[in-house]
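Only one structure is covered here, and it is reproduced in the block below.
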Amino acid sequence: MVKIYSERAANLISNAAQFFIEFLFPSACPLCGAAVSTNGELCADCWCEFNWIGAPRCEKCGYPFPANLDLGAHPLCPNCASGGCALDLIRSACTYDDASRGAVLPFKHAGRIKNAAFMARAMIWALRDTDISPDIVMPVPLAWRRLFHRGYNQATLLARPIAHAYGVPMDLSSLRRKYRPDMGHKSAAQRAENIHGVFSVVRPDKIRGRKILLVDDVMTTGATFAELRRVLTKAGASAVYGVTFCRVARAI
Ligand SMILES: [Zn+2]
Ligand SMILES: [Zn+2]
């Protein structure tokens, strides 16, 4: 009984604190500053700017097909149909374009970490109709040198609420990444070559037999995911999935 009362008291205090904070700092859209009902949410105008990926999309990699295409219940893109998918399953919330670039670049390079809330929520939404059940959620690691300069790994900020949504731990210690200069605008083959060998598993005991959900902000060619799958599978991972906020979707 005492526990129930103390929990109620704690709830009341936290609700009062929330009310006070919202009174002092009204919720604002993280992109344009317009008033919104929930902190961290986008306003309707900003929401409409994004190309959110819905059906029809590739069942395996989430590639968005044109809306008027009827490909049956289990559509696959040519890459996945020929066994070329980088992971066991990939989903992205939206396509990489002016709107998503406008959210991701400041989030990644200019400390706009408040964008993480709506981005992670959209990523959780993108995974809603999959039946994956990851054991751990793992942000794609940054090299120490990059982490030191940036001060944070943007993928970790996205991975935390996703791990929470699945009720599983976030793993930040099992993988290391070596520093390599930026890939810039390179071809798929050059990106794959540049990423080869940068990741190493330092805690194989935490990887063996696990189903892992990788989290990143952008998927460009899938080279990073493919290399991570190679390294994690070698360490005994039983499945490797991926989710990103946006993805480059070239015409196929
Ligand atoms: Zn807005
Ligand atoms: Zn596909």
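The values are calculated or read from the model by the stated rules, or taken from the named source; none is laboratory data. Keep in mind that what you see is a predicted model, and the values were worked out from it rather than measured. Cβ sites come from the backbone with ideal geometry, for glycine too, and all protein chains shown count toward neighbours.
Looking only at the stretch 38-51, filter to residues that are of a type in the set (D, E, K, R) and modelled with pLDDT of 95 or more; which one of those is farthest from Gly102 (Cα to Cα)? Among them, the one singled out is Asp45.
Whenever a residue of the stretch 42-61 is without any contact (Cβ under 8 Å) to a residue 40 or more places away in the chain, its partners that are β-branched (Val, Ile, Thr), lying with C-beta atoms within less than 8 angstrom and at least six residues away or across chains, give the pairs Cys43/Val36; Lys60/Ile90. Report yes if Val218 is of a type in the set (A, V, I, L, M) and buried (at least 21 other Cβ atoms within 10 Å of the Cβ), otherwise no. No: the conditions fail for Val218.
Every residue, every condition in (1) within 14 Å of Met219 (Cβ to Cβ); (2) in contact with an Asp or Glu (Cβ under 7 Å, 6 or more places away or on another chain); (3) among the hydrophobic types (A, V, I, L, M, F, W, C); (4) assigned by TED's automatic domain parsing to the domain that holds Glu227, yes or no:
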| residue | (1), (2), (3), (4) |
| --- | --- |
| Ser37 | no, no, no, no |
| Pro56 | no, no, no, yes |
| His74 | no, yes, no, yes |
| Gly102 | no, no, no, yes |
| Lys114 | no, no, no, yes |
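Selection of first residues in the stretch 103-119 that are part of a helix (DSSP H, G or I) and of second residues that are surrounded by fewer than 18 Cβ atoms within 10 Å (Cβ to Cβ) and acidic (Asp, Glu), restricted to Cβ pairs under 8 Å at least 6 apart or on distinct chains, gives the following pairs, ordered by first then second residue: Ala117/Glu41; Phe118/Glu41. Considering the stretch 18-31, and only residues there that are more than 22 Å from the chain's Cα centre (by Cα), surrounded by 10 or more Cβ atoms within 10 Å (Cβ to Cβ) and assigned to a loop (DSSP other than H, G, I, E, B), the residue that is modelled with the highest pLDDT turns out to be Ser27. Applying the criterion of at least 1 residues that are in the same structural domain as Ser100 (by TED's automatic domain parsing) and within 16 Å of the chain's Cα centre (by Cα) to the helices (runs of 4 or more DSSP H) found wholly in the stretch 162-252 leaves 223-234.
Here's the yes/no breakdown for (1) in contact with a helix residue (DSSP H, G or I) (Cβ under 7 Å, 6 or more places away or on another chain); (2) of a type outside the set (Lys, Arg); (3) under 20 Å from Ser100 (Cβ atoms); (4) modelled with pLDDT under 95:
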site	(1), (2), (3), (4)
Ile53	yes, yes, yes, no
Lys60	yes, no, no, no
Ala67	no, yes, yes, yes
Asn79	no, yes, no, yes
